[in-house]
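Note sheet for the following structure.
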Amino acid sequence: MTKPLTRRKFIKRIAGTMFTLLGISSVGYVYAHRIEPSMLEINHLEMSHSLIPFGFNGKKIVQFSDTHLGFQYNLHQLNELVSTINDFAPDIILFTGDLMDEPNKFMQINQLRSILQKLHAPLGKYCIYGNHDHGGYGSEIYRDIMESAGFTVLLNQSVPIHFDSSSKIYLTGIDDRMLGRPDLPLALKNVPSNTFSILLSHAPDVADDASQYPVQWQLSGHSHGGQVKIPFLGALVIPPFARIYQEGLYKIGNNKPLMLYVNRGLGTTRLPFRFMAKPELTVFTLRSF
Ligand SMILES: [Fe+2]
């Protein structure tokens, strides 16, 4: 049985069709296809919390996400991005999923590995699975690339990050919500209470569950910030599990709130366009107080 269209969905569908028709032969096409996808926006945020040990004060974390290599984003762009990330001299580098658009069809694995190897972070490089990393039998291809490039793949597990013998925080990664088997209790079981803990989840909407656990910050991607947005109407398409939290910073809960940051990602999928959703790199500076 076909579901009736709501008025809002109907208007979005019409607007989407109009955008596509308009885009085919106009400046809009050139802008959304060629210009905005290469307009990297670098966002700086403070990640502050009373549980952050003083030794971590001022430490820098760079998050990048959703490159979707092989669709529109290419290795030349990734190589430039790696230089940009290294220029920030991050202490920790995080990748929050969707490396290749279709892992089993991507032919430049060795070049990709050697570009990612150049990323440098003294306190470590960590990543999680996105839905595209599992798709097309990609799970092992993705793990192999990331591990050989020096990343630790966090699959429902946590790791302590030590600055010195008395200062540590925890980093937890869960499997993708769409195509994996995320398990928050398993992932968090070794995290001591009253320790600052950052959760990596490709899907942002997991934050509603995560806010029930002793996690202080969650970093996500997946939404692409809507990728193509219609003025006054919002995103044309937004994937499942990115419908509540689409981009930017959110505070979830009142008592001991969870802070969520949703990165818009770098590449595109399905449609080779970005409109009102520029690609993003996020630089967090830790602040203890
Ligand atoms: Fe993605």
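The values are calculated or read from the model by the stated rules, or taken from the named source; none is laboratory data. All values reported here derive from a predicted model rather than from experimental measurement. When we count neighbours, we look across all protein chains shown, and the Cβ atoms used for this are built from the backbone with ideal geometry, even at glycine. Protein only, heavy atoms only, side chains kept; ligands, DNA and RNA dropped before computing areas. Shrake-Rupley method; radii C 1.70, N 1.55, O 1.52, S 1.80 Å.
Give me the percent relative contact order of the chain, please, defined on Cα pairs under 8 angstrom at least 6 residues apart.
27
When the chain is treated as a GNM, springs tying every alpha-carbon pair under 10 Å, which of H202, H134, H44 comes out with the largest mean-square fluctuation?
Highest fluctuation among the options: H44.
Go through K59/K251; K118/K251; K189/K229 and tell me which ones have a Cα-Cα distance over 30 Å in this structure.
Those over the limit are K118/K251; K189/K229.
How large is log10 of I(q)/I(0) for the chain at q = 0.12, 0.17 Å⁻¹ when the intensity is taken from the Debye formula with one equal scatterer per alpha-carbon?
The computed values of log10 I(q)/I(0) come out as -0.75, -1.43.
With springs only between Cα atoms under 10 Å apart, run a GNM on the chain and tell me which of P53, P182, P231 wobbles the most.
Result for the chain, Cα springs under 10 Å: P231 fluctuates most.
Per-residue ellipticity at 222 nm for the chain, helices alone: DSSP H runs ≥ 4 residues times -39500 (n - 2.57), over residue total, nearest 500 deg cm²/dmol?
Rounded to the nearest 500, the figure is -6500 deg cm²/dmol.
Around H224, under 14 Å between beta carbons, what's the net of Lys plus Arg minus Asp minus Glu among the other residues?
Taking every other residue near H224 into account, the sum is -1.
Using a probe radius of 1.4 Å on heavy atoms only, what accessible surface per residue do you get for segment 193-289? Whole Å² is fine.
Result: 39 Å² per residue.
Express in whole angstrom the spacing between the alpha-carbon centres of segment 117-149 and segment 174-196.
That distance is 18 Å.
Heavy atoms only, probe 1.4 Å: what % of the accessible area of segment 129-196 goes to carbon and sulfur, would you let me know?
With neighbouring chains kept in place, the figure for segment 129-196 is 48 percent.
Connecting C-alpha atoms closer than 10 Å in a GNM of the chain, tell me which of H224, H68, H49 has the biggest fluctuation.
H49
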